[in-house]
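The block underneath contains the structure these notes are about, expressed in structure tokens.
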Amino acid sequence: MATDKTTDLQAPAIAAHDPPQRSGSILLVVGVAVAIVAAAVLFMTLGRSQAQPYILGLLALLAMVGLFSLFAFAAGIVRLADKAAQDPIARPIADHAFDGLAVTDPQGHVVYANSAYFALTGAEGMQDVRPVERVFIGNPDVSEAVFRLLKAAREGKRLQEEVRVASADGSQARWLRMRVRPLGQQKKASRLVVWSIADITRDRERQEDVFQELQHAIEYLDHAPCGFFSVSPAGDLVYVNATLAGWLDHDLAEIGSGGLKLGDIVTGDGAALLGSATPAPGEVKTEVFDLDLKTRNGKTMPVRLYHKLAFGADGTPGSSRTLVISRARDERADPQRAAEVRFMRFFDHTPMAIATVDKAGAVVRANARFAKLAQSLSADGAVNRSILAAVHERDRAELKTAIDKAAQGQGDITPVEATLESRQERWGQFFVTSVEEDERDTEIAIVYMLETTEKRTLENQFAQSQKMQAVGQLAGGIAHDFNNVLSAIMMANDFLLSAHKPTDPSFQDIMQIKQNATRAAALVRQLLAFSRRQTLRPQVLDLGDALSDLNMLLKRLVGEKVKLETLHGRDLWPVKVDVSQFEQVIVNLAVNARDAMPDGGRLTVRTANVSAQDAERLANKGMPAADYVKIEVADTGTGIPAEIVDKIFEPFFSTKEVGKGTGLGLSTVYGIVKQTGGFIYADPGEGGGTAFRIFLPRHIPGRDDVPSEPPQLNGAAPPIAAEQPAAKPKSADLTGQGTILLVEDEDGLRSLNARGLRSRGYNVIEAANGVEAMEAIDEQKGGIDLVVSDVVMPEMDGPTLLREMRARNPDLKIIFVSGYAEDAFEKSLPANEQFAFLPKPFTLSQLVAAVKETMTDA
């Protein structure tokens, strides 16, 4: 590189094609024009014949002058004056600029250079001026930067580079800042390139001095006898000195790169305490905290923090500056300070939020748990200013009264149960105690707060569960007893029907009794569904196919005013449900949706798979994380008020008018879903109305699954369900022969059943309970072909009777009849016991058909 030369930067600039200054005058142009006009007037006075030679000569002269002017302009001898070149301000600025300026043409030739450029490149004059790339040719430290600048120049871009240039004579190296840009935006100007070179050696030296001083300061701070850290508003540790990193056994390389957060080095809720400062626009706050820090291996270290935080003009906090003083030595050396450390740990690590307040409820001091609670309740820091802001408006007066009592020095203040001020439903319990009189300067009370949201939620859930269970037990008991009454009514009704012809005047009355008994039986089945004691025949099912089969029925049910839309999820998992009961669930929900849309609307039935991860994110009450298939039935109707949404599944609860509903539709849905092992929830719909979401557990196929046919209980003959019409027997002849032991504790029902069986040719032996039944078996000595027994009886119930009978005769057949489902007593039976089941209430034809089929079964 050329050596530094002392050159006068004020010397006149030299240009390779500097055009001479031209002066022009408007008077000259006017004079020439006047002369031509005067000649023309003169020629007109001479006459045409005499003036013609002169006119031709003048025109020839003007034509010759114009022709030569065109040639001179094309050759560059004559040029138009450039107003910019004559600008008395712009040109001197470029000529005498401190930075070296040079303009090159597309071929790389320098067409302009100022004095500073000559001085920086070592040129003596225009004859040896060189472009930038030739000035620094062969210098490896600069060549790459120059190459990038040349590339930018060719592409018409702007670029800046800073390079260090070593002197050829070994003197101090220089730093140069080189810039390149197009001369202008117009086509001609854009072809020219402006180069700028500035000597920034002194600026670099000053920067290096500042950097060295900063390095020394950081070194002093790193090795100071106290710790120091800085936290961004987002909670990231942006700086930790070496002393603190050594105390906590952390690698400095992890800090500042997003690897550590404040919560990683502060125990418990200490991070929330550091962020609890009340925003104050434009102010700087410094607070003192006694906390525990935690090391990498989880050990605690008592420290005192001097926490400094500056707020912007809008109250936004900036990065904090925190000084850390270790108190571990104090804990070992000074008993008094050791007590302070123990109290600090107790105060900040207690699960209760603690705060001291003044008479107005303003927070004076608080522990870490209170700071965390305040952050969760309000983002604007209102709770950090006043404890009353933590409580819902309707409960604030009660808390304020408790604080007033503490201000008066009263003791034994009743705890305050209050709803917290939050977007979600949260509760808390406040304990207020007064402070000693000699300490009442600003702090007049200590408030302890324990959040009871989870406790209250569990209590509500348990109470609701207990209520539903109690109602279910009551409903199941009523249904069982009512089934016995209905069985007697239906059996007696069958006798009356068989004794009267259709032409008999009383026949229609008897049919009316039968119809009402059937309706009563349907109500009983709904009660059993709610109490989850009905008989289910689960089978593996594809919900998409099942809903498609229901589509036409649903359209007829909802009517023309309601638009039915069915959306099936892809690749639905199989479920194991009772098909008829599942259909009953969908039908009940569809009917409820129709009634909620009297003016029409849209009913959407949607299915989808819900993975265990999705179920966990849903966080539905009582539903564990597992794989489910979801069925959503959503309408656009009137919706369900929030105050009654917890009651809609209770039996006999209805918002419909009297006579338009039994109140058992949703309770039946609830019972069927629960008995199937699923869950059901009611939520507001997206477009208004209500959305019922049913979650049925995914069925994993096994070896014992029989997806095509309903399974038989313990290998017995298929039962005859009361909720379905009587199945057509294999033979029209329902008569038979044999001895039947009929065990029933209801005398009236037993006599009616015995009468019906005797009318079909059977010999019937009656017993009021299991003990009498065993006596009858012993008396008959194997002469009994079939036992028809109730399940719930005094002295000896049905399962006990079965075990005793099978001990005497393992091949003895039995039919259990009950108002409960068979799985209610199946667990009381030994494994692999064979029996048939007939649910109450039943008709005479159903009883006889079951007896006939069981006796003829091999």
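I need a count of the residues in region 194-231 that are open to solvent by 30 Å² or more (accessible area, probe 1.4 Å) and among the polar types (S, T, N, Q).
Adding up the residues that qualify gives 3.
Specify the residue that is nearest to Ala682 (Cα to Cα); the eligible residues are those in region 589-624 that are part of a loop (DSSP other than H, G, I, E, B) and open to solvent by 40 Å² or more (accessible area, probe 1.4 Å).
Applying the filter and picking the extreme gives Lys621.
Hey, among the residues in region 211-258 that are in contact with a helix residue (DSSP H, G or I) (Cβ under 8 Å, 6 or more places away or on another chain) and in a loop (DSSP other than H, G, I, E, B), which one's nearest to Gly312 (Cα to Cα)?
Gly235
Let's see how each residue does on (1) modelled with pLDDT of 85 or more; (2) closer than 28 Å to Lys514 by Cα; (3) open to solvent by 20 Å² or more (accessible area, probe 1.4 Å); (4) not in a loop (DSSP other than H, G, I, E, B):
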| residue | (1), (2), (3), (4) |
| --- | --- |
| Ala754 | yes, yes, no, yes |
| Gly761 | yes, yes, yes, no |
| Val788 | yes, yes, no, yes |
| Pro794 | no, no, yes, no |
| Ser828 | no, no, yes, no |
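Would you mind stating whether Val585 is under 18 Å from Thr676 (Cα atoms) and touching a His at 6+ places or on another chain (Cβ under 7 Å)?
Here the answer is no, as Val585 does not meet what is asked.
Evaluate region 185-193: report whether one residue or more is out of contact with any helix residue (DSSP H, G or I) (no Cβ under 6 Å at 6 or more places or on another chain), of a type in the set (S, T, N, Q), more than 16 Å from Asp99 (Cα to Cα) and open to solvent by 90 Å² or more (accessible area, probe 1.4 Å).
yes
Within region 259-289, which residues are in a helix (DSSP H, G or I) and open to solvent by 30 Å² or more (accessible area, probe 1.4 Å)?
Gly263, Asp264, Ala271
Which of the residues belonging to region 18-47 are among the hydroxyl-bearing types (Ser, Thr, Tyr) and at pLDDT 80 or above?
none
Any idea how many residues of region 97-138 are in a helix (DSSP H, G or I) and open to solvent by 20 Å² or more (accessible area, probe 1.4 Å)?
Adding up the residues that qualify gives 6.
Would you please list the contacts, defined by Cβ atoms under 8 Å and residues six or more apart or on different chains, that run from a residue in region 197-223 that is closer than 22 Å to Arg321 by Cα to a residue that is aliphatic (A, V, I, L, M) and outside any strand (DSSP E or B)?
Asp222/Ala242; His223/Ala242
Going through region 565-588 one residue at a time, which ones are of a type in the set (A, V, I, L, M) and either buried (at least 16 other Cβ atoms within 10 Å of the Cβ) or touching a Ser or Thr at 6+ places or on another chain (Cβ under 6 Å) (or both)?
Answer for region 565-588, where residues must be of a type in the set (A, V, I, L, M) and either buried (at least 16 other Cβ atoms within 10 Å of the Cβ) or touching a Ser or Thr at 6+ places or on another chain (Cβ under 6 Å) (or both): Leu572, Val575, Val577, Val585, Ile586, Val587.
The values are calculated or read from the model by the stated rules, or taken from the named source; none is laboratory data. Just so you know, these numbers come straight off a predicted model, no measurement behind them. When we count neighbours, we look across all protein chains shown, and the Cβ atoms used for this are built from the backbone with ideal geometry, even at glycine. Just so you know, the surface numbers come from the protein's heavy atoms only, side chains and all, with ligands and any DNA or RNA stripped out. Shrake-Rupley method; radii C 1.70, N 1.55, O 1.52, S 1.80 Å.
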